[in-house]
Amino acid sequence: MKLALAISIHPTSNPDVAFAGDLEATLARLAGMGYDGVELAIRDPRQVNGDELVALLRRNGLAAPMLATGQAWGEDRLSFTDADPIIRQAAVERIKSHIELAGQLDAMVMLGLIRGLLARAPSREQAMKWLLDAYRECADFALHRGVRLVIEPINRFQADAIFSARDGVELLAQIGYENVGLALDSFHMNIEDASIEDGIRLAGDRLFHFHVSDSNRWRPGAGHIDFRSIIAVLRAIGYTAYLSGEFKPLPDSETAARGCIEHLRPLLNQGSTPAPTP
Ligand code: LER
Ligand code: MN
């Protein structure tokens, strides 16, 4: 398993990323701390020069395993379930532009808050139909570009559908595209899943990405979530992708980012080599 940090390439109202803006300096600091990659929150990929981004990541020796899209909802209020068809279509088009950039970066694309609030649609049934249509249109577009998508279950205080790992697995079956998997998030799972470990086992090989923050949305090690146990279960299901830190820049960005790697790296190193035979 590798370690990434979720950052925003520009200033954002999202309080749960450790760094926002000043990308060049941020990448150099994270590479220096020992991160393997960065998850990049990008509001609108049409404002981004993909070639420059690829070169900047390469200069710092960092991968970009994931593009996060939540700002399309958080800042621009685009969603797959808006009552206005023009907004729904704009949301799908925005995600397609994330998918194109992801193809260039060899990244996946996160579909979380872009589902919007289903309660605002004329009915829940209608909202679910719009949601499935949008997921499938994006999945098909991504499939032809060799890109994988992830859907993130989000706790009930921040979303009004798809809360738990079980909800996510059931949704994947309805979507029916193999290039769509789940991103689970230890913070949301601590609220919604009766057992974080069982939720991970349920997702199994459909788990493509894993967000880590502690029970208080601070960096791992600052709350009561047992990351040793989580890492053991991730290993048991054969997960080899990223643990991506998505947490508040508290008490400050530097301390939070360093604290995350200092807490998780020893746990990842333990048990990754076979115990010596007596
Ligand atoms: C996004 O990955 C997430 O976890 C949500 O809580 C929105 O910030
Ligand atoms: Mn998350």
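A few comments on the model shown:
- For segment 130-169, taking Cα atoms only, Rg and Dmax work out to 11.9, 35 Å respectively.
- Spatially, segment 202-278 and segment 34-109 are offset by 24 Å when compared through their Cα centroids.
- Using a Förster distance of 22 Å, the FRET efficiency for THR255-ASP22 (Cβ separation, nearest 0.05): 0.80
- Only helices enter this figure: runs of n ≥ 4 DSSP H residues, each worth -39500 (n - 2.57), summed and divided by the residues of the chain, yield -13500 deg cm²/dmol at 222 nm to the nearest 500.
- Cα gyration tensor shape of segment 92-155, rounded if a/c is under 1.5, else prolate or oblate by comparing a/b with b/c: prolate
- Degrees between helix 50-60 axis and first principal axis of the chain (Cα, 0 to 90, nearest 10): 10 degrees
- Seen from a random direction on average, the alpha-carbon convex hull of segment 51-145 projects onto 6.2 square nanometres.
- For segment 2-269, the square roots of the Cα gyration tensor eigenvalues, ordered a ≥ b ≥ c, give a/c of at least 1.5 with a/b no greater than b/c, which places it in the oblate category.
- Anisotropy class assigned to segment 1-64 is oblate, per the alpha carbon gyration tensor with a/c at or over the 1.5 cut-off and a/b no larger than b/c.
- Reach of LYS129 by Cα under 19 Å, taken over aspartates and glutamates that are not fewer than 8 positions away in the same chain: ASP82, ASP84, GLU93, GLU137, ASP140, GLU152, ASP160, ASP167, GLU170
- Charge tally in the Cβ shell below 12 Å around ARG228, where Lys, Arg are +1 and Asp, Glu are -1, ARG228 excluded: -1
- Counting 0.36 nm for each residue step from GLU93 to ASN216 and taking away their Cα separation leaves a gain of 40.9 nm.
- Sites ASP44 and ALA236, calculated FRET efficiency, Cβ-Cβ separation with R0 30 Å, nearest 0.05: 0.15
- In straight-distance terms, cross-link reach from LYS2 covers every one of the aspartates and glutamates whose alpha-carbon lies under 16 Å from its own, apart from those fewer than eight places away in the same chain; here that gives ASP36, GLU39, ASP106, ASP185, GLU246, GLU262.
- The length gained on full extension between ILE86 and ASN155, counted as 0.36 nm times the residue separation minus their Cα-Cα distance, comes to 22.1 nm.
- Protection-proxy order for peptides 95-101, 63-69, each taking the mean of Cβ atoms within 10 Å per residue, highest first: 63-69, 95-101
- Under 15 Å, Cβ to Cβ, from ARG58 - net charge with Lys/Arg +1 and Asp/Glu -1: -4
Values in this text are rule-based calculations from the coordinates and carry no lab data. What you see is a predicted model; the values in this text were computed from it and never measured. Reconstructed Cβ throughout: ideal geometry from the backbone, glycine too, with neighbour counts over all protein chains shown.
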